[in-house]
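The values are calculated or read from the model by the stated rules, or taken from the named source; none is laboratory data. Quantities reported herein were computed from a predicted structural model and do not represent experimental measurements. Every residue, glycine among them, receives a Cβ derived from its backbone with ideal geometry; neighbour counts consider all protein chains shown. Keep in mind that these areas ignore ligands, DNA and RNA; they rest on the heavy atoms of the full protein, side chains included. Shrake-Rupley method; radii C 1.70, N 1.55, O 1.52, S 1.80 Å.
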Amino acid sequence: RSWPSLLQRAFHSSRQMANKVERQWQPPAGAAASNEGPRLTLYNSLLDEKVTFVPTGGQASRQISWYTCGPTVYDSAHMGHARNYVSFDIVRRVLEDYFGYECLFVMNVTDVDDKIILRARRNHLLQQYRAEATDASQARAFAQAAMESATAKQGQKVTEAQSLIAADDLVLAQGDKKDVRSRREEMATTLKNEQHKLGRVEAAAVALQCVPAAGTVDDLLAACGDYVADALDKERGHLVTDSSIFRAHAAKYEREFMEDMTALGCRPATVLTRVSEYIPEVVQYVQKIMANGMAYQSNGSVYFDTQSFRGCGHTYGKLKPWAVGSALLAAEGEVNFDTREKRCPMDFALWKACKPGEPTWDSPWGKGRPGWHIECSAMASSILGQRMDIHTGGEDLRFPHHDNELAQAEAHYHHEGCHQWVNYFLHCGHLEIEGLKMSKSLKNFITIREALQSYSARQLRLMFAMQPWNKPMMYGEQTRFEMKAREAQFKNFFQNVEVAVRNVGDPTGSASRWEAAETDLSAKLKATQDNVHTALCDSINTCAALDALGELIKATNIYLTKQEEAGKVCQPLLLGRCTAHVARILSVLGIIAPSHDSPGLGDASSQPGDDRMPPILDAFSAFRDDVRGMSKAQAKPCDILEACDRVRDTTLVDLGVRLEDRPDGKAVWKLDNPAVLRAEQAERAHIAAQAAIKKLEGQIDRKAKEAEKLAGLAALPAVEVAFADKYSQWNSTSGGFTHSQEGVALDAKAVDKMRKEVEKARKAREPLVKKLAEDPDYLQTLQREVETLRAQLRSLAVE
């Protein structure tokens with residue numbers, strides 16, 4: 001059976017199954033509607049709608065079980081992974097720290113998988129090839145053949161996606177069907193991704209053609225190394241027999257992933273499971289599924305029997321019924337989708353028979369290794385049993401991985417009556433860049449470590465918290481701009497309140513009576529608390545919760561401004577309640593660390609202690625010395641003001657002190673991270689430099705155009721010469737000609753025409769005449785000015 005025939009068979013089977021699947025979900029006991037106020041709901045992928053959350057132990061239980069699909073450690077983690085793990089870390093923190101649940105959090109590490117095997121093998125073979133290949137002409141021929149094969153293969157995938165979309169369009173033309181429409185939308189996304197991959201293949205082919213004839217093997221591999229590695233794997237992959245190659249590869253990226261999660265501030269799992277450590281449990285799990293009649297052996301491999309599973313009263317494809325049977329939608333997860341060993345194209349591998357060039361383990365069916373999906377079912381069941389509260393993962397894992405997980409678990413626990421292994425399935429939306437999902441296969445990703453060079457972990461967490469966790473998110477300039485604006489709002493809020501409270505001084509000596517302004521702010525705080533609670537109950541809607549905090553901040557800022565304008569003292573206890581609530585919610589989200597003293601963003605809230613006083617006193621002493629010295633020298637006032645600016649912009653910045661000038665002439669100080677203050681200075685300097693550059697460019701453009709215009713006028717002949725081809729006998733007294741070129745005296749009509757032409761020519765030359773009358777060397781002066789401005793522009797560009 002060829003790939004296209006299997007594809008079409010699976011496609012038509014999926015249509016039939018999608019029409020038959022009715023999505024069902026059994027609410028846990030105690031999930032009935034209540035009039036006791038908002039109750040926690042979660043967006044459940046099993047229904048694709050929000051449902052009331054109730055733990056397996058009942059409404060009163062505070063214990064919840066949670067399994068999350070961890071990394072497949074074959075490459076560096078990217079921002080798409082960060083979006084998934086940080087977003088669910090936020091959800092977990094809200095459940096634990098806000099709603100008070102105790103969470104048994106299990107995460108797996110996939111260290112045995114097709115992707116790991118292929119990447120480790122290809123890297124090894126490419127490194128070997130790079131060391132051994134000495135004939136560049138042979139390497140070029142091999143690379144060209146590899147590119148031809150890759151182009152044909154990827155082109156076929158694009159064609160297949162287009163054909164399947166066209167087939168769905170025919171069905172939809174006969175009447176709208178929800179599942180077909182959903183599959184068609186997802187296939188359109190898949191087509192875009194496949195076209196992107198084809199574009200990368202074609203770009204690599206062009207890069208290869210651009211390598212000069214004298215290019216080295218390294219030059220050739222730099223152009224298309226990935227595709228050469230694919231070709232090497234097909235040719236020599238079976239010769240890689242050292243299992244340490246695969247273990248070392250997985251271990252390297254697992255260690256890197258864990259370091260990334262720590263850097264992002266994600267809480268560690270309660271239990272960490274690795275596939276390589278659970279092989280016996282996987283084998284036993286497969287054996288039980290076979291004993292229950294829902295798996296079969298074929299040539300040393302074991303496959304899940306989807307038809308038998310359905311025949312036993314179970315539903316296959318609960319999460320994404322429209323994708324069942326689609327080879328393209330399963331392509332990344334089902335490498336062996338087109339195998340001839342399956343009874344049905346929708347069946348999938350539980351255990352894969354050994355092949356040359358792969359790590360293997362012993363089993364009742366011979367040497368082999370686990371399939372991708374079985375690992376999670378087996379490991380999660382070994383820790384959490386036949387029912388769990390929450391299962392999470394990325395949107396791209398819905399099908400086939402999570403649908404197959406559910407099927408395996410239900411088949412395993414068939415005689416225990418299991419029809420709902422997971423109560424709440426949560427999927428994190430894709431992180432998109434330039435309209436495409438950020439992924440390793442598309443090679444359009446930014447690693448977590450690269451992102452952390454530009455943004456702090458707090459900024460990335462805040463950026464993710466500002467988006468609905470279950471919706472796609474665009475990683476673009478607008479998103480990053482909004483994040484920085486929100487961070488600045490929180491930072492300024494804490495600092496402004498700190499300044500206001502500090503200005504009150506000893507609260508026992510100031511009026512504490514509440515007036516209308518305090519009553520209004522207190523009411524706004526109560527409304528914010530209610531709004532935040534409602535938002536977090538609404539499927540952990542952190543973006544709405546942050547918006548509610550933003551409204552409280554605006555109300556507090558208005559209160560501070562009005563109190564200052566009226567000359568009234570603010571109420572520090574009330575302000576403390578407002579900052580405490582904002583800080584508590586930000587702490588729950590993991591954006592700031594819990595603080596019982598001075599809430600705020602990081603170091604900005606800390607007071608100078610003894611360890612910070614000496615350098616501050618040194619700075620004050622040095623500034624005093626400067627001012628005294630300038631006073632004795634009878635320095636100009638501007639020199640003293642420059643010294644004041646230096647201490648504000650340099651000395652205090654290095655000490656982490658932000659000194660802000662106020663319109664009333666009084667300055668206020670705020671503590672902040674010196675690196676942040678320097679970055680702000682650098683940004684202001686950059687903006688000022690860009691403005692200066694833009695101004696210079698405008699001046700250069702105007703003066704260059706003027707110089708060009710005047711030079712053009714200077715090149716024109718004098719008026720009496722310009723019309724020599726039409727007139728003769730110039731009269732300097734009248735400023736005109738008296739005769740035609742042929743020597744005939746001009747009549748009155750011809751004189752009028754001549755005078756109009758001469759006047760027009762004279763007006764055209766008038767700007768140059770005026771400038772030269774003022775400065776005979778004006779053209780040279782103008783050219784020097786242009787050159788001076790260009791030199792200034794070059795110096796700014798270098799800076």
Can you find a residue that is in a helix (DSSP H, G or I), open to solvent by 60 Å² or more (accessible area, probe 1.4 Å) and within 30 Å of residue 382 (Cβ to Cβ) anywhere in segment 96-106?
yes
Out of all the residues in segment 423-439, which are touching an Asp or Glu at 6+ places or on another chain (Cβ under 8 Å) and more than 16 Å from residue 189 (Cα to Cα)?
423, 424, 427, 428
I'd like to check which strands (runs of 3 or more DSSP E) are fully inside segment 651-758 and have at least 1 residues that are open to solvent by 60 Å² or more (accessible area, probe 1.4 Å).
657-661, 667-671, 727-731
If residue 257 passes every condition in (1) open to solvent by less than 20 Å² (accessible area, probe 1.4 Å); (2) in contact with an Asp or Glu (Cβ under 9 Å, 6 or more places away or on another chain); (3) more than 16 Å from residue 147 (Cα to Cα); (4) hydrophobic (A, V, I, L, M, F, W, C) but one, which one does it miss?
(2)
Looking for something buried (at least 23 other Cβ atoms within 10 Å of the Cβ), in a loop (DSSP other than H, G, I, E, B) and touching a residue at least 40 places away in the same chain (Cβ under 8 Å) - is there at least one such residue anywhere in segment 280-294?
yes
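Give segment 380-402 a look and list any residue that's in a helix (DSSP H, G or I) and small (Gly, Ala, Ser), or say none.
The answer is 380, 381, 382.
Could you list all residues from segment 709-725 that are under 56 Å from the mean Cα position of the chain (by Cα) and among the hydrophobic types (A, V, I, L, M, F, W, C)?
Here is the first cut: in segment 709-725, the residues under 56 Å from the mean Cα position of the chain (by Cα) are 709-712.
Those that are under 56 Å from the mean Cα position of the chain (by Cα) and among the hydrophobic types (A, V, I, L, M, F, W, C): 710, 711.
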Any residue at all in segment 661-676 that is on the phi > 0 side of the Ramachandran plot and within 36 Å of the chain's Cα centre (by Cα)?
no
Here's a check for you: in segment 551-580, which residue that is open to solvent by 60 Å² or more (accessible area, probe 1.4 Å) and within 32 Å of the chain's Cα centre (by Cα) is farthest from residue 526 (Cα to Cα)?
554
Candidates 496, 503, 531, 492, filtered to the one that is polar (S, T, N, Q), more than 30 Å from residue 196 (Cα to Cα), open to solvent by less than 50 Å² (accessible area, probe 1.4 Å) and part of a helix (DSSP H, G or I)
496
For residue 782, the lone unmet condition from (1) surrounded by 13 or more Cβ atoms within 10 Å (Cβ to Cβ); (2) among the hydrophobic types (A, V, I, L, M, F, W, C); (3) more than 30 Å from residue 690 (Cα to Cα) is (3)
Those residues that are at pLDDT below 90 and either open to solvent by 10 Å² or more (accessible area, probe 1.4 Å) or of a type in the set (Asp, Glu) (or both), I need them from segment 440-475; list them, please.
440, 441, 443, 444, 445
What about residue 761, is it surrounded by 13 or more Cβ atoms within 10 Å (Cβ to Cβ) and either touching a Phe, Trp or Tyr at 6+ places or on another chain (Cβ under 6 Å) or under 27 Å from residue 710 (Cα atoms) (or both)?
yes
Looking only at segment 110-164, filter to residues that are of a type in the set (A, V, I, L, M) and in contact with a strand residue (DSSP E or B) (Cβ under 8 Å, 6 or more places away or on another chain); which one of those is farthest from residue 214 (Cα to Cα)?
112
In segment 79-92, which residue that is open to solvent by 10 Å² or more (accessible area, probe 1.4 Å) and touching a Lys or Arg at 6+ places or on another chain (Cβ under 9 Å) is modelled with the lowest pLDDT?
80
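Here is a yes/no grid of residues against (1) farther than 17 Å from residue 100 by Cβ; (2) out of contact with any Pro (no Cβ under 9 Å at 6 or more places or on another chain); (3) open to solvent by 20 Å² or more (accessible area, probe 1.4 Å); (4) at pLDDT below 95:
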{"residue": "40", "(1), (2), (3), (4)": "no, yes, no, no"}
{"residue": "43", "(1), (2), (3), (4)": "yes, no, yes, no"}
{"residue": "47", "(1), (2), (3), (4)": "yes, yes, yes, no"}
{"residue": "51", "(1), (2), (3), (4)": "yes, no, no, no"}
{"residue": "56", "(1), (2), (3), (4)": "no, no, yes, no"}
{"residue": "61", "(1), (2), (3), (4)": "no, no, yes, no"}
{"residue": "64", "(1), (2), (3), (4)": "no, no, no, no"}
{"residue": "67", "(1), (2), (3), (4)": "yes, yes, no, no"}
{"residue": "72", "(1), (2), (3), (4)": "yes, yes, yes, no"}
If we scan segment 335-355, do we find a residue that is at pLDDT below 75, open to solvent by 30 Å² or more (accessible area, probe 1.4 Å) and not β-branched (Val, Ile, Thr)?
yes
For segment 639-666, pairs from a residue that is small (Gly, Ala, Ser) to a residue that is part of a helix (DSSP H, G or I), with Cβ under 8 Å and 6 or more apart or across chains, are 643/623; 643/626; 643/627; 643/630; 656/603; 656/674; 656/677
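What do you reckon, is residue 523 among the hydrophobic types (A, V, I, L, M, F, W, C), within 30 Å of residue 42 (Cα to Cα) and open to solvent by 10 Å² or more (accessible area, probe 1.4 Å)? Don't jump to the end; show me each part of the working.
Working: among the hydrophobic types (A, V, I, L, M, F, W, C): yes; within 30 Å of residue 42 (Cα to Cα): yes; open to solvent by 10 Å² or more (accessible area, probe 1.4 Å): yes.
Yes.
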